Amino acid sequence: MLPEGLRTVDEALHRTRFRILPFLGPAFIACVAYIDPGNFATNIAGGSRFGYRLVWVIVAANLLAMLIQTLSAKLGIATGRNLPEVCRDRFSRRTAILLWVQAEAIAMATDLAEFLGAAIGFHLLFGFGLFPSAVLSGVAAFAILGLQRFGFRAFEAVIAVLVGVIGVCYVAELTFAHPDFGAVLHHAVTPQFGGSESVLLAVGILGATVMPHVIYLHSALTQDRLVPETDEDAQTLLRYTRIDVVVAMTIAGVINVAMLVMAASTFFTSGLLHVDSLESAHKTLQPILGSASSVLFALALIASGLSSSAVGTLSGQVVMQGFIRRQIPVAVRRLVTMLPAFIVIAIGVDPTRTLVISQVVLSFGIPFALVPLVVFTARKDVMGPLVNRRITTAAASAIATVIVVLNLFLLLQTFGIA
């Protein structure tokens with residue numbers, strides 16, 4: 001933890017025992033978006049239907065995410081501003097307002113899925129009804145967000161612990177499942193499909209890789225933490241930020257692989273090829289692997305839902321402040337974003353189906369965050385000495401194009417057009 005008053009890169013390097021520690025944190029918050037309840041459903045479906053075949057898709061998706069999150073953090077370091085603020089400064093007021101409206105809608109759709117995921121987790125673990133479980137999720141979410149009054153380090157620490165809980169739960173799950181690690185390593189580096197359905201599911205995994213709200217957020221998380229006083233300081237900060245991103249995103253990638261491998265080792269090998277909901281996965285685990293495995297699954301889902309929901313609320317604050325220079329109390333925002341989940345539960349809509357629909361809504365927002373990020377980080381008048389190299393811009397542009405096209409394809413598939 002940083003000593004009191006430590007704000008500059010030079011102080012971080014020379015007044016702390018472990019140089020890397022002051023630079024860790026932002027990417028761990030961002031990585032939560034890559035292990036949210038939506039990932040649970042996708043990875044379980046992929047593993048149960050196609051075994052280990054799609055492990056390589058998760059590996060590829062994680063590598064893409066590393067580059068994108070690094071660009072977001074770099075924008076914050078170079079400009080001292082977050083992506084919504086840069087958009088507000090560089091675009092017309094009308095464009096900024098339109099971007100804010102769509103970003104708020106995306107943030108709310110994302111938060112709906114994540115809050116529902118936590119509620120389902122409490123429901124599975126304790127057997128409560130979904131509505132009481134949602135209330136319990138709301139209390140826990142408020143408690144986590146309340147930690148911000150003690151500084152960003154306390155909030156980051158809790159998020160890191162929750163990510164650790166998810167990781168530990170899935171490592172324990174793997175000890176029950178006894179996967180074939182040789183086959184896992186083979187499929188991690190060997191692109192392979194198992195028919196047209198596996199192609200569609202692979203597109204789903206890749207297309208849903210980038211969460212627009214966390215692109216906005218990561219650029220904000222680098223603000224007002226460590227202040228680079230020189231160009232050399234900025235380069236140093238970026239170098240350590242890359243380490244933060246690689247470590248955090250690697251952990252998220254390993255957890256996602258563990259989800260798919262667990263489903264493949266448990267459901268695919270047992271002939272249960274259509275475990276496509278969180279409830280059915282939980283129910284099926286117990287007779288196959290024992291009660292401890294189903295408890296671990298529920299705990300991991302709770303940790304995922306609560307952490308990603310808290311991060312989603314924080315992203316909403318960044319979006320409003322950045323695009324239109326307005327803020328509302330975080331408690332008010334939390335209440336507003338909780339309401340759709342309570343309405344969905346109260347009217348009896350299938351929560352898993354709601355998760356899927358929310359992911360479709362989310363995909364609409366990806367181009368509006370990703371394309372400006374690539375454009376701005378390629379401009380020297382915005383980034384100064386931290387401007388992208390040509391090869392970085394080319395890679396980022398290709399990745400942005402692929403992700404946008406994949407999400408467009410998913411939307412067309414969802415609505416039965418393609």
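The values are calculated or read from the model by the stated rules, or taken from the named source; none is laboratory data. Just so it is clear, the model here is predicted, and its values are computed rather than measured. Because the Cβ atoms are built from the backbone with ideal geometry, glycine has one as well, and the counts that use them run over all protein chains shown.
Values for this structure:
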{"quantity": "Residue within region 20-29 that is modelled with pLDDT of 70 or more, surrounded by fewer than 19 Cβ atoms within 10 Å (Cβ to Cβ), among the aliphatic types (A, V, I, L, M) and assigned to a helix (DSSP H, G or I) present", "calculated": "no"}
{"quantity": "Restricting region 86-141 to residues that are within 14 Å of Ser315 (Cβ to Cβ) and of a type in the set (S, T, N, Q), the residue that is surrounded by the most Cβ atoms within 10 Å (Cβ to Cβ)", "calculated": "Thr110"}
{"quantity": "Some residue of region 170-182 being of a type in the set (Asp, Glu), surrounded by 14 or more Cβ atoms within 10 Å (Cβ to Cβ) and either farther than 19 Å from Ser48 by Cβ or more than 15 Å from the chain's Cα centre (by Cα) (or both)", "calculated": "yes"}
{"quantity": "Filter result for the condition that a residue is at pLDDT 90 or above, crowded, with 17+ Cβ neighbours inside 10 Å and within 23 Å of the chain's Cα centre (by Cα), over Gly305, Gly322, Gly316", "calculated": "Gly322"}
{"quantity": "Which numbered condition Val275 misses (of (1) assigned to a loop (DSSP other than H, G, I, E, B); (2) at pLDDT 85 or above)", "calculated": "(2)"}
{"quantity": "Residues (surrounded by fewer than 17 Cβ atoms within 10 Å (Cβ to Cβ) and more than 12 Å from Ala78 (Cβ to Cβ)) located in region 231-241", "calculated": "Glu232, Arg239"}
{"quantity": "Check on Ala188, closer than 18 Å to Tyr34 by Cβ and modelled with pLDDT of 90 or more", "calculated": "yes"}
{"quantity": "Residue tally, condition under 17 Å from the mean Cα position of the chain (by Cα) and of a type in the set (Gly, Ala, Ser), over region 247-271", "calculated": "4"}
{"quantity": "Some residue of region 168-180 being closer than 18 Å to Ser294 by Cβ, in contact with an Asp or Glu (Cβ under 8 Å, 6 or more places away or on another chain) and not small (Gly, Ala, Ser)", "calculated": "no"}
{"quantity": "From Ala183, Ala202, residue being under 29 Å from Leu67 (Cβ atoms), of a type in the set (Gly, Ala, Ser) and at pLDDT 85 or above", "calculated": "Ala183"}
{"quantity": "Selection count where residues are over 30 Å from Ser48 (Cβ atoms) and either touching a helix residue (DSSP H, G or I) at 6+ places or on another chain (Cβ under 8 Å) or assigned to a helix (DSSP H, G or I) (or both), scope region 203-245", "calculated": "29"}
{"quantity": "Residue within region 56-65 that is under 22 Å from Val319 (Cα atoms), buried (at least 22 other Cβ atoms within 10 Å of the Cβ), in contact with a Ser or Thr (Cβ under 9 Å, 6 or more places away or on another chain) and modelled with pLDDT of 85 or more present", "calculated": "yes"}
{"quantity": "Pairs with Cβ under 6 Å, 6+ apart, first in region 147-175 and within 13 Å of Pro26 (Cβ to Cβ), second not in a helix (DSSP H, G or I)", "calculated": "Arg153/Met1; Glu156/Gly25"}
